[in-house]
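Visitor: Following this message is one structure expressed as structure tokens.
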Amino acid sequence: MKYRILGKTGFEISEVSLGTWQLGGRWGEQFSEKTAMQIMEKAVENGINFFDTADVYNDGLSEIAIGKFLKKAGKRIYVATKCGRKLNPHTTEGYNEKNIKAFINDSLARMQLDAIDLIQLHCPPTDVYYSPEVFDVLEDIKN
């Protein structure tokens with residue numbers, strides 16, 4: 001496996017990550033915690049140390065499975081999660097400090113983590129990219 005530094009983070013992550021939509025059980029068979037653990041174990045055995053998930057993957061089930069795996073992984077696994085798709089309606093106004101912080105806190109609780117390595121906005125409306133307030137909130141959370 002080859003590794004790269006992720007942006008300015010200093011994190012040395014695998015060039016291949018594990019996307020975890022399938023851990024939430026929306027593709028193929030019904031969710032199985034045993035299968036989820038086997039998928040993550042195989043990924044780590046093959047040098048993957050970066051998992052990508054989202055709070056909406058089967059309403060957080062993917063994040064819960066990742067949290068359980070991280071407790072026994074025995075090595076550093078970096079986690080990226082996405083937030084924002086739970087908004088209903090899914091509008092620019094929903095990407096505000098209260099909602100963003102709530103989404104992140106919920107993800108932290110599901111994964112039983114103190115920090116998340118990378119937060120991504122999940123398919124936000126285009127106008128969100130032009131909202132300095134959103135980026136101020138994300139910068140504040142980072143610090």
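What follows is calculated from the coordinates using simple rules that are stated; it is not laboratory data. Being a predicted model, the structure only gives us computed values, none of them experimental. When we count neighbours, we look across all protein chains shown, and the Cβ atoms used for this are built from the backbone with ideal geometry, even at glycine.
Visitor: With a sphere of radius 15 Å drawn around the Cβ of residue 68, what net charge do the other residues whose Cβ falls strictly inside it have (Lys, Arg +1; Asp, Glu -1)?
Guide: Neighbourhood net charge equals +1.
Visitor: By the scheme Lys and Arg +1, Asp and Glu -1, what is the net charge of all other residues having a beta-carbon under 15 Å from that of residue 127?
Guide: Surrounding charge for residue 127 is -2.
Visitor: Here is a further query. Taking 0.36 nm per residue of sequence separation and subtracting the Cα-Cα distance, how much length would be gained by fully extending the chain between residue 68 and residue 5, in nm to one decimal?
Guide: 20.1 nm
Visitor: Connecting C-alpha atoms closer than 10 Å in a GNM of the chain, tell me which of 84, 67, 47 has the biggest fluctuation.
Guide: For the chain, modelled as a Gaussian network with Cα springs under 10 Å, the answer is 47.
Visitor: Over all Cα pairs of segment 3-142, how is the pair count split among 5 Å bins, expressed in % and running from 0 up to the last occupied bin?
Guide: Per 5 Å bin, starting at zero, the Cα-Cα P(r) for segment 3-142 comes out as 2, 10, 20, 21, 20, 15, 9, 4, 0 percent.
Visitor: By per-residue mean of other Cβ atoms within 10 Å, what is the highest-first order of 86-98, 113-125?
Guide: 113-125, 86-98
Visitor: Take every DSSP beta bridge whose two residues both sit in the chain, then give the antiparallel share in percent to the nearest 5.
Guide: Within the chain, antiparallel bridges account for around 25 percent of the total.
Visitor: With labels modelled as points extended 7 Å from the Cα through the Cβ direction, what inter-label distance (nm, one decimal) is found for residue 92 paired with residue 75?
Guide: Simple spin-label model gives 4.5 nm for this pair.
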